[in-house]
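The values are calculated or read from the model by the stated rules, or taken from the named source; none is laboratory data. Because the structure is a prediction, the values reported are computed rather than measured. Note that each Cβ is placed from the backbone with ideal geometry, even for glycine, and that neighbours are counted across all protein chains shown. Only protein heavy atoms, including side chains, enter the accessible area calculation; ligands, DNA and RNA are left aside. Shrake-Rupley method; radii C 1.70, N 1.55, O 1.52, S 1.80 Å.
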Amino acid sequence: MSSEQSAPGASPRAPRPGTQKSSGAVTKKGERAAKEKPATVLPPVGEEEPKSPEEYQCTGVLEIDFAELCTRWGYTDFPKVVNRPRPHPPFVPSASLSEKATLDDPRLSGSCSLNSLESKYVFFRPTIQVELEQEDSKSVKEIYIRGWKVEERILGIFSKCLPPLTQLQAINFWKVGLTDKTLTTFIELLPLCSSTLRIAHLSLRNNNIDDRGAQLLGQALSTLHSCNRTLVSLNLGFNHIGDEGAGYIADGLRLNRSLLWLSLAHNRIQDKGALKLAEVLRAFELTHTEVVERRRLLLEKGTQERSRSPSSSRHGDSKTDREKSQMVGISNSALVDKTDKTQTMKTPKGLGKKKEKSWELAKKEEKSGSGQSPTQGTPKKEDATKAGKGKVTIPEQKPSRIKGIKIGSREKRSILPESELVVEATEVINPLLEPVEHRDGKVFMPGNKVLLHLNLLRNRITEVGLEGFLATVQYQMQFSKAKSVSKGPVGLLWLSLAKNCFAPQCPAYAIIQELMLPRDPIKAKLREDEAMAFFP
């Protein structure tokens, strides 16, 4: 009703332009307009197209690189890179009245409580703490991540921004929720970093690492064909590693000669795993696969030495060298003594004999390492020979700085192996090429003497596993005494087996403590300081 009454009184509306035609015309016009309009939608002003993280070139500043890569990966809220807080000095409260009045001010106390509340929230926000070298943003030497889960995408960002950090030495992932997948990704990241920097310290505390994770870490330490040569310390405390995982770690220690510090404290290792760890620290039997690989390496090494050494061609070329020396002696003596026919006729035989004697003397000198030249006793005709054939014999007059022997074509080749041996001496020798012992048709390796610190605190080891470590300590003591004169690794200096499933008064444990006491450098230093205090 209301609509009908209001209709007559309604003011007539002016028709819109373009609506006077039929509806069909309007539809066609709308379709034509839709066709004429561009289909592309322009982005809002100020926004750019998303950039690919693969195209980003890292600058070497972790704070900038990490933020940029997180943005390109689509993160809107990501951890910030901050300097690791230093421990504050102990606060000594002052007894002055002015300070008491300041603390009692209600306005200041309210603001302090608000700041402390904000600081607590900031403390729990995920951060990447770094330690810098000389306050340089490009010299990050340590990274600490604690208490927040590291996802696989974050590890992908690390794989791009960590290798440019040439000063990075330590990575600490404490309680970051590593899974088998992320741990695998992280282990694959380490060789990528090692190509440009040296990760020496790795801490993976409290990450629920089980036997599968221990297997991955053991393989990262060493396998039959690869070995980590940069990692010095590894902290695997507060995890879920059992006997099987300890066996994997022990397998990694068989051929690893870089790890000095290992912590397996607060895990689930029992006697079987303890015996595996103790076994690789003393003489152990090589497996059949290791024996085959050792023979292959020995053959390869022998082939390389023969190809580098001139000894193989020395005997074959001796006759040719003597003939060449005789011919040179004949021609040069003829040039010098043309007028004396008798002397010219006698010179070749005498010179050939002298050359043979000098060659034999040179061989003896080379073997004995004498610095005296064997050509010092030759007659003066040799000097005239050198003057007559200057262009031919000048290259042979360069004195050798190695043996003191005149360098010919054969002696020149002998310089190369010595220079290469110097390089080889600085390289790490494959542990399979270490001296071994053959007993009853089996091959025994001396064991890992490089590991200095082993922490097995609070596991599940009984007296059975304790006996294995007692045998290891006794063996290393005998080995160090036998090798006391020569330099080299000496074995464990610190061994922690406390808080396990045996009594502290256990005889084996007491003997281990007694044997390890003089080897512990810290306790030895304390005893020395105490002795100096009593007897200044």
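Please enumerate the residues belonging to segment 260-280 that are under 22 Å from Gly488 (Cα atoms) and in contact with a strand residue (DSSP E or B) (Cβ under 8 Å, 6 or more places away or on another chain).
Residues of segment 260-280 that are under 22 Å from Gly488 (Cα atoms), as a first pass: 260-262, 277-280.
Residues satisfying the conditions are Leu260, Trp261, Leu262, Leu277.
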Of the residues in segment 250-264 that are more than 19 Å from Asn430 (Cα to Cα) and not hydroxyl-bearing (Ser, Thr, Tyr), the one that is surrounded by the most Cβ atoms within 10 Å (Cβ to Cβ) is Leu264
The residue that is least open to solvent (accessible area, probe 1.4 Å), considering only those in segment 129-171 that are part of a strand (DSSP E or B) and more than 27 Å from Gly74 (Cβ to Cβ), is Ala170
In segment 129-145, anything at pLDDT 90 or above, out of contact with any helix residue (DSSP H, G or I) (no Cβ under 7 Å at 6 or more places or on another chain) and under 16 Å from Ile64 (Cβ atoms) is listed as Leu132, Ile143
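Return the total of residues in segment 62-87 being among the hydrophobic types (A, V, I, L, M, F, W, C), surrounded by fewer than 16 Cβ atoms within 10 Å (Cβ to Cβ) and without any contact (Cβ under 8 Å) to a residue 60 or more places away in the chain. Break it down stepwise before answering.
If we filter segment 62-87 for residues that are among the hydrophobic types (A, V, I, L, M, F, W, C), which is where we start, we get 62, 64, 66-67, 69-70, 73, 78, 81-82.
Then keep just the ones that are surrounded by fewer than 16 Cβ atoms within 10 Å (Cβ to Cβ); that gives 64, 73, 82.
If we keep only those that are without any contact (Cβ under 8 Å) to a residue 60 or more places away in the chain as well, we get 64, 82.
Qualifying residue count, segment 62-87: 2.
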Taking first residues from segment 462-487 that are under 14 Å from Arg519 (Cβ atoms) and second residues anywhere that are assigned to a helix (DSSP H, G or I) and modelled with pLDDT under 90, the pairs with Cβ under 9 Å that are 6 or more apart or on different chains are Val473/Arg519; Gln476/Arg519; Met477/Arg519; Ser480/Arg519
Taking segment 211-231 and the residues there that are buried (at least 18 other Cβ atoms within 10 Å of the Cβ) and part of a loop (DSSP other than H, G, I, E, B), the one that is modelled with the highest pLDDT would be Leu231
Sole miss for Phe66 among (1) modelled with pLDDT of 90 or more; (2) in a helix (DSSP H, G or I); (3) out of contact with any Cys (no Cβ under 8 Å at 6 or more places or on another chain) is condition (3)
Scanning segment 436-474 residue by residue, those in contact with a Pro (Cβ under 9 Å, 6 or more places away or on another chain) and either open to solvent by less than 10 Å² (accessible area, probe 1.4 Å) or closer than 27 Å to Leu298 by Cβ (or both) turn out to be Val436, Glu437, Met445, Pro446, Asn448, Lys449, Val450, Leu451
Output for Cβ contacts, cut-off 9 Å, separation at least six or different chains, first residue small (Gly, Ala, Ser) in segment 444-458, second open to solvent by 20 Å² or more (accessible area, probe 1.4 Å), reads Gly447/Arg254; Gly447/Glu279; Gly447/Arg282; Gly447/Ala283; Gly447/Tyr475; Gly447/Phe479
So, first residue among the charged types (D, E, K, R) in segment 235-248, second residue part of a loop (DSSP other than H, G, I, E, B), Cβ within less than 6 Å, six or more apart or across chains; the pairs are Asp243/Gln270
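Among the residues of segment 265-295, which ones are assigned to a loop (DSSP other than H, G, I, E, B), among the β-branched types (Val, Ile, Thr) and open to solvent by 30 Å² or more (accessible area, probe 1.4 Å)?
Of all residues in segment 265-295, those assigned to a loop (DSSP other than H, G, I, E, B) come to 265-270, 280-283, 286-287.
If we keep only those that are among the β-branched types (Val, Ile, Thr) as well, we get 269, 280, 287.
Within segment 265-295, just Thr287 meets the criteria.
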Worksheet item: Given the structure, is Gly242 out of contact with any Leu (no Cβ under 6 Å at 6 or more places or on another chain) and either small (Gly, Ala, Ser) or within 22 Å of Ile429 (Cβ to Cβ) (or both)?
Response: yes
A careful count of residues in segment 426-459 that are in a loop (DSSP other than H, G, I, E, B), in contact with a helix residue (DSSP H, G or I) (Cβ under 8 Å, 6 or more places away or on another chain) and not hydrophobic (A, V, I, L, M, F, W, C) gives 6
All-but-one check, Leu192 against (1) over 22 Å from Asn239 (Cα atoms); (2) touching a residue at least 40 places away in the same chain (Cβ under 8 Å), failing number (2)
